[in-house]
Amino acid sequence: MKITISPAATAWFKQEFNLTPQQGIHLFGKVYGSTPVHDGFSVGIELAPIPEATLGLSQQNELTFFTTKDDDWFFNGYDLKIDFDEELAEPTYNFLATAN
(Lines give C-alpha, C1' and ligand atoms only; values in the text may rest on other atoms or scores of the structure.)
Protein backbone atom coordinates (compact mmCIF):
# COMPACT_ATOMS: atom_id res chain seq x y z
CA MET A 1 0.00 0.00 0.00
CA LYS A 2 1.29 3.42 -0.97
CA ILE A 3 0.40 6.58 0.96
CA THR A 4 0.83 9.94 -0.81
CA ILE A 5 0.31 13.27 0.98
CA SER A 6 0.07 16.65 -0.74
CA PRO A 7 2.12 19.56 0.64
CA ALA A 8 -1.10 21.37 1.68
CA ALA A 9 -2.33 18.32 3.62
CA THR A 10 1.09 17.88 5.23
CA ALA A 11 1.02 21.51 6.36
CA TRP A 12 -2.45 20.99 7.90
CA PHE A 13 -1.36 17.89 9.83
CA LYS A 14 1.79 19.63 11.03
CA GLN A 15 -0.26 22.58 12.30
CA GLU A 16 -3.01 20.49 13.92
CA PHE A 17 -0.92 17.82 15.65
CA ASN A 18 1.97 18.22 18.06
CA LEU A 19 4.00 15.10 17.35
CA THR A 20 7.05 13.85 19.18
CA PRO A 21 9.81 12.17 17.13
CA GLN A 22 8.53 8.70 18.11
CA GLN A 23 4.93 9.40 17.07
CA GLY A 24 3.25 9.16 13.72
CA ILE A 25 -0.21 9.62 12.28
CA HIS A 26 -2.00 6.28 12.22
CA LEU A 27 -4.59 6.01 9.44
CA PHE A 28 -7.28 3.37 9.96
CA GLY A 29 -10.86 2.45 9.14
CA LYS A 30 -13.49 3.56 11.64
CA VAL A 31 -17.20 2.87 11.94
CA TYR A 32 -19.58 5.60 10.69
CA GLY A 33 -19.24 7.82 7.68
CA SER A 34 -18.33 6.68 4.21
CA THR A 35 -15.65 6.78 1.57
CA PRO A 36 -16.04 6.31 -2.18
CA VAL A 37 -15.18 2.63 -1.64
CA HIS A 38 -16.64 1.90 1.84
CA ASP A 39 -20.19 2.41 3.04
CA GLY A 40 -20.51 2.81 6.81
CA PHE A 41 -16.78 3.37 7.38
CA SER A 42 -14.50 6.39 7.11
CA VAL A 43 -10.81 7.17 7.58
CA GLY A 44 -9.79 7.61 11.19
CA ILE A 45 -6.61 9.36 12.30
CA GLU A 46 -4.79 9.21 15.60
CA LEU A 47 -1.38 9.98 17.03
CA ALA A 48 0.38 6.74 17.86
CA PRO A 49 3.86 5.29 18.32
CA ILE A 50 5.32 4.19 14.99
CA PRO A 51 5.31 0.37 14.95
CA GLU A 52 8.15 -1.73 13.57
CA ALA A 53 5.82 -3.54 11.14
CA THR A 54 3.54 -1.42 8.95
CA LEU A 55 1.22 -2.05 6.03
CA GLY A 56 1.89 1.39 4.53
CA LEU A 57 4.36 4.09 5.54
CA SER A 58 5.09 7.53 4.21
CA GLN A 59 7.36 10.22 5.60
CA GLN A 60 6.88 13.80 4.52
CA ASN A 61 8.27 17.00 6.00
CA GLU A 62 9.17 15.41 9.36
CA LEU A 63 5.78 13.64 9.61
CA THR A 64 5.24 9.90 9.44
CA PHE A 65 1.91 8.53 8.20
CA PHE A 66 1.27 4.80 8.57
CA THR A 67 -1.20 1.94 8.54
CA THR A 68 -0.74 -1.40 10.27
CA LYS A 69 -1.48 -4.97 9.25
CA ASP A 70 -4.70 -4.73 11.28
CA ASP A 71 -5.84 -2.04 8.82
CA ASP A 72 -5.51 -4.32 5.77
CA TRP A 73 -9.28 -5.01 5.68
CA PHE A 74 -9.88 -1.30 5.06
CA PHE A 75 -7.07 -0.48 2.63
CA ASN A 76 -6.71 -3.81 0.80
CA GLY A 77 -6.50 -3.22 -2.95
CA TYR A 78 -6.03 0.54 -2.64
CA ASP A 79 -3.37 3.19 -2.32
CA LEU A 80 -4.29 6.29 -0.34
CA LYS A 81 -3.81 9.84 -1.56
CA ILE A 82 -4.34 12.55 1.06
CA ASP A 83 -5.03 16.04 -0.23
CA PHE A 84 -6.50 19.19 1.29
CA ASP A 85 -9.87 20.82 0.60
CA GLU A 86 -9.37 24.58 0.89
CA GLU A 87 -13.11 25.32 1.18
CA LEU A 88 -13.70 22.83 4.00
CA ALA A 89 -10.24 23.44 5.52
CA GLU A 90 -9.69 19.72 6.07
CA PRO A 91 -7.91 16.76 4.49
CA THR A 92 -9.53 14.59 1.84
CA TYR A 93 -8.81 10.88 1.46
CA ASN A 94 -8.80 9.39 -2.03
CA PHE A 95 -8.65 5.64 -2.59
CA LEU A 96 -6.81 4.64 -5.75
CA ALA A 97 -7.05 1.04 -6.96
CA THR A 98 -3.64 -0.62 -6.88
CA ALA A 99 -2.27 -2.08 -10.10
CA ASN A 100 -2.23 -5.88 -9.95
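The values are calculated or read from the model by the stated rules, or taken from the named source; none is laboratory data. Since the structure is predicted, the reported quantities are computational estimates derived from the model, not experimental observations. Every residue, glycine as well, gets a Cβ built from its backbone with ideal geometry; the counts of neighbours run over all protein chains shown.
Given the structure, is PHE41 under 14 Å from LYS2 (Cα atoms), touching a residue at least 12 places away in the same chain (Cβ under 8 Å), among the hydrophobic types (A, V, I, L, M, F, W, C) and touching a Ser or Thr at 6+ places or on another chain (Cβ under 9 Å)?
no
Out of all the residues in segment 5-18, which are surrounded by fewer than 16 Cβ atoms within 10 Å (Cβ to Cβ) and either hydrophobic (A, V, I, L, M, F, W, C) or under 17 Å from GLY77 (Cβ atoms) (or both)?
Matches in segment 5-18: ALA8, ALA11, PHE17.
Select from segment 68-100 the residues that are surrounded by 14 or more Cβ atoms within 10 Å (Cβ to Cβ) and either over 17 Å from HIS38 (Cα atoms) or small (Gly, Ala, Ser) (or both) and list them in ascending order.
Matches in segment 68-100: THR68, ASP83, PHE84, PRO91.
Whether any residue in segment 54-65 is exposed (fewer than 12 other Cβ atoms within 10 Å of the Cβ), in contact (Cβ under 8 Å) with a residue 12 or more places away in the chain, within 17 Å of THR10 (Cβ to Cβ) and not basic (Lys, Arg) is what I want to check.
Among the residues of segment 54-65, at least one is exposed (fewer than 12 other Cβ atoms within 10 Å of the Cβ), in contact (Cβ under 8 Å) with a residue 12 or more places away in the chain, within 17 Å of THR10 (Cβ to Cβ) and not basic (Lys, Arg), which makes the answer yes.
Yes/no per residue for (1) over 12 Å from the mean Cα position of the chain (by Cα); (2) at pLDDT below 90:
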residue: SER6; (1), (2): no, no
residue: LEU19; (1), (2): yes, yes
residue: VAL31; (1), (2): yes, yes
residue: GLU46; (1), (2): no, no
residue: ILE50; (1), (2): yes, no
residue: ASN61; (1), (2): yes, yes
residue: ASP71; (1), (2): no, no
residue: GLU87; (1), (2): yes, no
residue: GLU90; (1), (2): yes, no
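Please specify each residue of segment 1-38 satisfying the condition of being closer than 18 Å to GLU90 by Cα, touching a residue at least 24 places away in the same chain (Cβ under 8 Å), in contact with a Phe, Trp or Tyr (Cβ under 8 Å, 6 or more places away or on another chain) and in a strand (DSSP E or B).
Correct list: ILE3, ILE5, ILE25, HIS26, LEU27, PHE28, GLY29, THR35.
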